[in-house]
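In what follows, a single structure is set out as structure tokens and then discussed.
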Amino acid sequence: TSDQTPFRIPLHFCFLLLHMSVFSQSFSPCGRFLAAGNNYGEIALFSLSAALSPDATALSQKPVLTFTAHDGPVFSLLSNDSQLFSAGNGEISCWSWSLWFLSFRSSLEIPEINAMIINPRDNSLVVGGGDNNIHILDLEHGVFKSVLQGHSDYIHCVSVREREAEILSGGEDGAVRMWDSRTGQSVHCVEIYKYESCARPQYGKWISCLTTDSDWMLCGGGPSLSLWHLRSLSPTSVFPLAGCQRQAAFYQDMILAVGEGPFVSHCLLGGEVKAQIPCTPQSLNTLQINANSTEHRVGLHSLTHLGYTIHTLPTGLGNMHYLQV
């Protein structure tokens with residue numbers, strides 16, 4: 001532009017940025033890269049060593065690669081030793097981390113594939129979404145081998161207990177179901193919203209987050225985020241967090257949770273909320289811990305106290321905040 005003509009960002013681009021959200025993320029097997037997916041079907045790849053360097057610039061904090069993976073939102077991302085799996089509306093794509101090309105695409109006639117997890121016991125991909133069913137994909141042969149039926153509404157989250165050969169799923173119907181991964185049968189069903197200590201009728205009964213660690217389960221959504229002992233199938237701690245929690249994770253002797261509200265909650269296993277660390281966004285969709293790197297053990301979004309260092313990446317996918325421990 002000339003000196004007399006101010007530079008203007010196109011209106012449609014401003015609209016895209018204003019309405020852009022990060023829905024999913026996953027770290028590379030080496031722990032040095034982060035893939036993030038947004039509501040426009042794009043995946044961006046970040047170099048953590050460049051973005052989190054003390055000498056980082058605005059340019060080094062931008063994605064090293066951005067591409068369109070799906071026609072609609074990228075609801076879920078997941079990595080194994082060599083591949084990145086991405087899920088959208090009715091399809092799952094598999095990308096090679098080393099060569100970065102599309103190596104596999106599978107079609108499912110279901111909306112919103114919200115959750116994926118790998119079951120190491122049989123090298124399968126456990127998939128949950130908008131048709132109320134759990135689909136099991138054989139990763140060796142690239143075919144779906146079974147369907148687990150029992151939920152009456154959308155499935156939002158899945159988890160695996162490898163030692164017990166169990167798959168857990170949570171959905172819009174308010175139920176957490178536990179499945180025998182060998183037989184495909186539902187062995188337990190816990191309706192979290194029916195427990196007085198967990199129920200919050202004003203938020204609904206849906207289960208939006210679910211994760212396990214040995215004999216323990218962490219789940220929440222409409223009901224309060226709560227810690228359950230799986231052998232007794234009873235809640236041992238209920239966390240007094242406002243709003244619906246969208247994702248939670250066990251990390252060492254604590255729990256990290258994000259959801260409605262501009263903060264990351266740091267909770268103790270006994271139920272105490274140790275801190276709520278403010279972030280820029282008014283709500284947070286996703287949280288990840290980088291277990292593949294001791295140098296860049298980072299997760300979305302940011303913590304500023306308790307020994308954590310803040311990192312913010314202003315990107316085309318929207319602001320992304322990271323914690324380094």
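The values are calculated or read from the model by the stated rules, or taken from the named source; none is laboratory data. These numbers come from a predicted model, not from an experiment. Positions of Cβ are generated from backbone atoms using ideal geometry, with glycine treated the same way; all protein chains shown enter the neighbour counts. Accessible surface areas use protein heavy atoms only, side chains included; no ligands, DNA or RNA. Shrake-Rupley method; radii C 1.70, N 1.55, O 1.52, S 1.80 Å.
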Ordering of 103-116, 121-134 by packing [mean C-beta count within 10 Å, highest first] = 121-134, 103-116
ask   = According to a simple spin-label model (label point 7 Å from Cα along Cα-to-Cβ), what is the distance in nm between L233 and R121?
value = 1.7 nm
Sorted peptide list for 208-214, 136-142, criterion being average Cβ within 10 angstrom, highest first = 208-214, 136-142
ask   = Quick one: what do you get for the stretch 254-297 if you divide its Cα Rg by 2.2 N^0.38 Å?
value = 1.26
ask   = Between S82 and S283, how many nm apart are label points set 7 Å from Cα along the C-beta direction?
value = 4.0 nm
Solvent exposure of the stretch 88-180 as accessible area per residue, Å², 1.4 Å probe = 39 Å²
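Could you calculate the contour length gain from A242 to F104, that is, 0.36 nm times the residue separation minus the distance between their Cα atoms, to one decimal place in nm?
45.6 nm
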task = Could you tell me what percent of the accessible area of the stretch 231-294 is made up of carbon and sulfur, with a 1.4 Å probe and every protein chain present?
result = 48 percent
remark   = Residues whose modelled amide H sits under 5 Å from the amide H of E166, counting only those 5 or more places away in sequence or on another chain, are R161, S181
query = According to the square roots a ≥ b ≥ c of the eigenvalues of the Cα gyration tensor, what is the shape class of the stretch 32-165, taking rounded for a/c under 1.5, prolate for a/b larger than b/c otherwise, and oblate for the remainder?
reply = prolate
inquiry  = Whole-Hz ³J(HN,Hα) for each residue in the stretch 209-220, computed from phi via Karplus 6.51 cos²θ - 1.76 cosθ + 1.60 with θ = phi - 60°, x for glycine and proline: what do you get?
reply    = 9, 7, 8, 10, 8, 6, 8, 10, 10, 10, 8, x
request  = Starting with the highest mean, order 21-33, 187-199 by the number of other Cβ atoms within 10 Å, averaged over the residues of each peptide.
outcome  = 21-33, 187-199
key: Separation in nanometres of the label points that stand 7 Å from Cα toward Cβ, at S96 and C189   = 4.5 nm
task = Can you tell me the dipole magnitude for the stretch 49-149 around its Cα centre, using point charges on the Cβ only (Lys, Arg +1; Asp, Glu -1), in Debye to the nearest 20?
result = 160 debye
